[in-house]
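Chemist: Okay, handing you the structure first.
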Amino acid sequence: MQAEWLAPPGPVAGKLLLYLHGGGYVFGSCATHRQMASYIAMAGGVRVLLPEYRLAPEHPFPAAIDDVVRLYRALLAAGQFQDRRPAEHPLRDHLTIR
């Protein structure tokens, strides 16, 4: 799966946010959410990983969720998340922040 890493100058060491864009796993992409994710990276001083997961209807449920779970497990295995805390921003896109 393709993904984009977004990092502000001098991000806080050890902070990573896995940003899952909105769109109900039907629409949206890195291109549509890059600016918002960049603002979050700057405001929080965190590195942001913005994945380009598969979307319905071309890839029916649960393809997008499978992609995200696979990515999250890879991040866990790489030691990227040790203290996991889920959160939501005001627009209700889903975030996981460390």
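Chemist: If the Cβ limit is 8 Å and pairs must be 6+ apart or interchain, which residue in the stretch 59-81 that is in contact (Cβ under 8 Å) with a residue 40 or more places away in the chain pairs with which residue that is surrounded by 14 or more Cβ atoms within 10 Å (Cβ to Cβ) and of a type in the set (S, T, N, Q)?
Modeler: Y72/T96; F81/T96
Chemist: Next up: What is the residue count in the stretch 37-58 for residues that are more than 15 Å from M1 (Cα to Cα), of a type in the set (A, V, I, L, M) and touching a residue at least 24 places away in the same chain (Cβ under 8 Å)?
Modeler: Keep residues of the stretch 37-58 that are more than 15 Å from M1 (Cα to Cα), which gives 37-48, 56-58.
Now drop any that are not of a type in the set (A, V, I, L, M), which leaves 37, 40-43, 46, 48, 56.
With the extra rule that they be touching a residue at least 24 places away in the same chain (Cβ under 8 Å), the set shrinks to 37, 40-42, 46, 48, 56.
So the answer is 7.
Chemist: I need a count of the residues in the stretch 2-50 that are at positive phi and not small (G, A, S).
Modeler: Counting residues in the stretch 2-50 that are at positive phi and not small (G, A, S) gives 1.
Chemist: Another question about this same structure. Please state which of the following conditions F81 fails to meet, knowing it meets all the rest: (1) over 18 Å from H21 (Cα atoms); (2) assigned to a strand (DSSP E or B).
Modeler: The single condition F81 does not satisfy is (2).
Chemist: Assigned to a strand (DSSP E or B), among the hydrophobic types (A, V, I, L, M, F, W, C), in contact with a strand residue (DSSP E or B) (Cβ under 9 Å, 6 or more places away or on another chain) and modelled with pLDDT of 85 or more: is that true of V48 in this structure?
Modeler: Numbers: assigned to a strand (DSSP E or B): yes; among the hydrophobic types (A, V, I, L, M, F, W, C): yes; in contact with a strand residue (DSSP E or B) (Cβ under 9 Å, 6 or more places away or on another chain): yes; modelled with pLDDT of 85 or more: yes.
For V48, the condition - assigned to a strand (DSSP E or B), among the hydrophobic types (A, V, I, L, M, F, W, C), in contact with a strand residue (DSSP E or B) (Cβ under 9 Å, 6 or more places away or on another chain) and modelled with pLDDT of 85 or more - is met.
The values are calculated or read from the model by the stated rules, or taken from the named source; none is laboratory data. All figures in this text were calculated on a predicted structure; none of them were measured in a lab. Backbone-built Cβ (ideal geometry, glycine too); neighbour counts: all protein chains shown.
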